[in-house]
Amino acid sequence: MQIWARELGLSQIGVSGIDLSSAEPGLQAWLDAGFHGSMAYMPSHGLKRARPAELQAGTVSVITARMDYLPLDTPTDWQARESARSLQPGEAVVSLYARGRDYHKVLRSRLQKLQHRIAQAIGPFGHRVFTDSAPVLEAELATRSGLGWRGKHTLVLSREAGSMFFLGELFVDFALPETPAVAAHCGQCTACMDLCPTQAIVGPYRLDARRCISYLTIEHAGPIDEALRPLVGNRIYGCDDCQLACPWNKYAQISREPDWLAREGLGAASIADLLTWSEADFLRRTEGSAIRRIGHKRWQRNVALAAGNALASTAVSAAERLALCQALTALAQHPDAVVREQVAWSLARAQ
């Protein structure tokens, strides 16, 4: 089955059982602390996330999959280059995983093809594919099945692949031998915790999503806390800082998947240019991208926030400053109150 998976472009697969009861207290404590923020679906699903058989009746085993996502054109010093982009305030930064095609679509397709291969070998069976699309404890299943260990930033880490990969699952209604878990190798390192711009990693293995830039720019729909806005910097969709700091990512694997190549405007673009995107531009340029799901208004809020941080920086040229102010002024009467307030805050940063 591992050979089939690799032929389909998956980097690694493992097998987990479905008894995740030992993970339930930690999940409940995280929810009780309110760390899920405005993601109301988290508490509404509750402990169902830790009970695979409740998500898909008849599930006996879970096949987990890793799919590396660093694109083919990634330079060897990518961590240093990506880290340096925070020092270029006029340039917008999109998280590495979101610069190409929507991973939900790509990974789901590969897992469905894997299911078909298995069915050809053993006959029809009950199944369901998940790619971050339902209340599944992905990291828990991945660590139990040997894809890696849970890093202090809460992401799954692999000695062979760092953390730059997607996770997906194939729930099946027949028993498979479980693959053994691997030992954790974070040791005393706290690089991810130390570097987090907003200190969202409040303790080892504890993430307060309400402070996380990925949550703020993707999941959170309302105004972003003013105290956190300057810390967001030039990140307009997601944040890779904890991964860039992780020493294990020197082993991150380059993928041969063409779908991960960055689209125009998502790999490198000026904040001023992105502010001028109309809704039609946004929909056209993000077609088939994970970014499209946040919608144009939230995109404008994020880019406007980054523009305000750029205007407060002395590293922005006079020409860039003028372009940013003009683009923001054009949005000053935006019909959406959240965007309008963000634009006003950002323009005030130019004073």
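Obtain the nm distance between the two label points defined at ASP194 and LEU176 by a simple spin-label model: each point lies 7 Å from its Cα along the Cα-to-C-beta direction.
In this crude label model, ASP194 to LEU176 measures out at 4.0 nm.
Give me the one-decimal nm value for the distance between modelled label points at ASP73 and GLN120, 7 Å along each residue's Cα-to-Cβ direction.
3.4 nm
Placing +1 at every Lys and Arg Cβ and -1 at every Asp and Glu Cβ, with all other atoms neutral, what dipole size does the chain have around its Cα centre, in debye to the nearest 20?
The calculated dipole for the chain is roughly 240 debye.
How far is the Cα center of segment 163-217 from the Cα center of segment 94-124, in Å?
Each part's Cα centre sits 21 Å from the other's.
In Å and on Cα atoms, what radius of gyration and Dmax does segment 150-227 show?
16.2, 51
Do you know the Lys pair count in segment 2-348 for C-alpha distances under 26 Å, with sequence separation 8 or more or different chains? Could the numbers behind the result be given before it?
Numbers: LYS48/LYS105; LYS48/LYS152; LYS105/LYS113; LYS105/LYS297; LYS152/LYS250.
Lysine pairs, 8 or more places apart or on different chains, close enough: 5.
Return the distance in nm (one decimal) between the two label points of a simple spin-label model at ILE3 and GLU264, each offset 7 Å from Cα along Cα→Cβ.
4.3 nm
Roughly how compact is segment 70-228, stated as its Cα Rg over 2.2 N^0.38 Å to two decimals?
Values: Rg = 18.3 Å, N = 159, 2.2 N^0.38 = 15.1 Å.
That works out to 1.21 for segment 70-228.
For a label point 7 Å from the Cα of ARG256 along Cα→C-beta, name the residues of segment 45-69 whose backbone N is under 15 Å from it.
Of the residues in segment 45-69, 68-69 have backbone N under 15 Å from the label point off ARG256.
Percent of alpha carbon pairs in segment 1-101 separated by more than 19 Å?
The calculated P(r) of segment 1-101 puts 67 percent of pairs beyond 19 Å.
Could the peptides 39-51, 177-189, 89-101 be put in order, highest first, of the mean number of other beta-carbon atoms found within 10 Å of their residues? Present the calculation step by step, with values, prior to reporting the outcome.
Values: 39-51: 15.5, 177-189: 12.4, 89-101: 21.7.
The peptides rank, most packed first, as 89-101, 39-51, 177-189.
Starting from one equal scatterer on each C-alpha and no solvent at all, send me the Debye-based log10 I(q)/I(0) for segment 201-351 at q = 0.16, 0.17 Å⁻¹, two decimals.
Rounded to two decimals, the profile gives -0.95, -1.05.
Towards the positive end of the charge dipole of segment 2-348, with charges on Cβ (+1 Lys, Arg; -1 Asp, Glu), say which of ALA200, PHE130, GLY148 has the farthest Cα.
Comparing the listed Cα positions along the dipole, PHE130 ranks first.
Taking R0 as 22 Å, what FRET efficiency do you get between GLU226 and ASP273 from their Cβ-Cβ distance, rounded to the nearest 0.05?
0.30
Could you work out the relative contact order of segment 38-149? I mean the mean sequence separation of Cα pairs under 8 Å and 6+ apart, divided by the number of residues, in percent.
Relative CO of segment 38-149 lands at 39 percent.
Please report the relative contact order for the chain, taking Cα pairs under 8 Å with a sequence separation of at least 6, and give it as a percent rounded to a whole number. Each step should come with its number before you reach the end.
Values: 632 pairs, mean separation 79.8, N = 351.
Answer for the chain is 23 percent.
Sort 296-309, 163-176, 23-36 by packing, meaning the average of other beta carbons within 10 Å per residue, with the highest value first.
Averaged packing, sorted descending, gives the order 296-309, 163-176, 23-36.
Of SER83, VAL62, ILE236, which is farthest along the charge dipole of segment 2-348 in the positive direction, counting Lys and Arg as +1 and Asp and Glu as -1 at C-beta?
VAL62
All of the numbers you see were taken from the coordinates with simple rules; none came from a lab. It should be emphasised that the depicted structure is a prediction, and the values quoted were computed from it without experimental measurement. Backbone-built Cβ (ideal geometry, glycine too); neighbour counts: all protein chains shown.
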